[in-house]
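Novice: Dropping a structure here in structure tokens format, bear with me for questions.
The values are calculated or read from the model by the stated rules, or taken from the named source; none is laboratory data. The shown structure was predicted, so the numbers you read here are calculated from the model rather than taken from an experiment. Every residue, glycine as well, gets a Cβ built from its backbone with ideal geometry; the counts of neighbours run over all protein chains shown.
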Amino acid sequence: MIQRFLNPTVLAGISGLELIAKTVVDGFVSGLHRSPDFGFSQEFAEYRAYAEGDDLRHVDWNVYARTDRTYLKRYRGETNSQLTVMLDTSASMGYTSGEVTKLDYAKFAAASLVYLAHLQRDANGVIIFDDEVRNYVAPSARQGQLHRILHAIDQAQTGTHTNFAKPFTHFMQFHRKRGIALVISDFFEDPEVIIKALEPLRFRGTEVILFHVMDRQELTPKLNEPVVLVDMETQATIEVSPEYATHEYRQKVNAHIDILGTKARAAGMDYFLMPTDKPLDAALREYLTIRVGRL
């Protein structure tokens, strides 16, 4: 039986990104009350009887097992059948207060979502970036694409600071087909700058989803004594007291999250906070259930 509500530290102990992705997807699909085939791009419409020559991949084998009758699932239009994951690998993504860095968690999420899109036969690709585009695999549904993308994600390493304009400019240069751009980042930038960089994608009809990855210690830090913190991207230092961490810092972080989420939704984008201690299958199930509910 697949272990549900997989702890990120459990995932870190699994060898191979594809196996991690399969484990996560199997885990959250097993907990859905509705068909997992809703996914990102396809909206389930109805069943129809199987006719000779139909693609067997669309047969609902669960129904067949229960009724001994062969039915196919039919879907409404696939308006967003191209998924591009945009993975932030800036230096701050290397932070962790435990065993799994933000980048590790982001890789697990990216791999799982690509795996899900692959199961739905959607075209998918990836852009890996920090202050430059470090790797790009163009969206495709051709054979071997899943392995190309997972290899690119697996090889991604932390870099320097983040420049959100670079990957989105790259996206618009090479992507003509409407689809989904899923950005996975810690979003350590002014929310106004982030949304301004993303808005041109929305204007062109691309659906934009923001997965905000943060370590629990970044959300609710617990300090017993004053410490000197070092910015992983600029190397700037600041001395922080327990009182500041408990009150002013948390207020600023919460305000940043609220503003980013509010501005994203106002611009027609999805926003979802993903703490790195949250079981990934549960996080994806929560997001996709919300998404399905809006279809």
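Novice: Every residue in the range 13-29 that is in contact with a helix residue (DSSP H, G or I) (Cβ under 6 Å, 6 or more places away or on another chain) and either modelled with pLDDT of 75 or more or of a type in the set (A, V, I, L, M) (or both), please.
Specialist: Passing the criteria: Ile14, Leu17, Glu18, Ile20, Ala21, Val24, Val25, Val29.
Novice: Name every residue in the range 165-191 that is β-branched (Val, Ile, Thr) and either within 13 Å of Pro139 (Cα to Cα) or out of contact with any Phe, Trp or Tyr (no Cβ under 6 Å at 6 or more places or on another chain) (or both), in order of residue number.
Specialist: Thr169, Ile180, Val183
Novice: Checking Leu83 against (1) closer than 19 Å to Ile209 by Cα; (2) in a strand (DSSP E or B); (3) at pLDDT 95 or above, which single condition isn't satisfied?
Specialist: Failed condition: (3).
Novice: Among the residues of the range 236-249, are any touching a residue at least 60 places away in the same chain (Cβ under 8 Å) and of a type in the set (A, V, I, L, M)?
Specialist: Within the range 236-249 (the criterion being touching a residue at least 60 places away in the same chain (Cβ under 8 Å) and of a type in the set (A, V, I, L, M)), the answer is no, since none of the residues qualifies.
Novice: Continuing with the same structure: Looking only at residues in the range 228-274 that are of a type in the set (Val, Ile, Thr) and surrounded by 14 or more Cβ atoms within 10 Å (Cβ to Cβ), which one is farthest from the chain's Cα centre (by Cα)?
Specialist: If we filter the range 228-274 for residues that are of a type in the set (Val, Ile, Thr), which is where we start, we get 228, 230, 234, 237-238, 240, 246, 253, 257, 259, 262.
Then keep just the ones that are surrounded by 14 or more Cβ atoms within 10 Å (Cβ to Cβ); that gives 240, 246, 253, 257, 259.
Details: Val240: 32, Thr246: 29, Val253: 21, Ile257: 17, Ile259: 20 Å.
Residue satisfying both the conditions and the ranking: Val240.
Novice: Mind listing whichever residues of the range 86-99 are in contact with a Phe, Trp or Tyr (Cβ under 8 Å, 6 or more places away or on another chain) and either part of a loop (DSSP other than H, G, I, E, B) or within 14 Å of Ile128 (Cα to Cα) (or both)?
Specialist: Met86, Leu87, Asp88, Thr89, Ser90
Novice: I'd like to know if the range 40-55 contains one or more residues that are among the aromatic types (Phe, Trp, Tyr), modelled with pLDDT of 85 or more and either under 26 Å from Ile180 (Cα atoms) or not in a helix (DSSP H, G or I) (or both).
Specialist: no
Novice: Give me the residue from the range 93-123 that is among the charged types (D, E, K, R) and surrounded by fewer than 21 Cβ atoms within 10 Å (Cβ to Cβ) and, out of that set, farthest from Phe188 (Cα to Cα).
Specialist: Arg121
Novice: Given the conditions (1) modelled with pLDDT of 90 or more; (2) within 19 Å of the chain's Cα centre (by Cα), which single one is not true for Arg121?
Specialist: (1)
Novice: In addition: Starting from the range 275-288, keep only residues that are among the aliphatic types (A, V, I, L, M), then list their pairs with residues that are crowded, with 20+ Cβ neighbours inside 10 Å and in a loop (DSSP other than H, G, I, E, B) whose Cβ atoms are within a distance under 9 Å, requiring at least 6 positions of separation or different chains.
Specialist: Taking only residues 6 or more apart or on different chains, the pairs are Leu280/Leu6; Ala282/Leu6; Leu288/Gly39; Leu288/Phe40.
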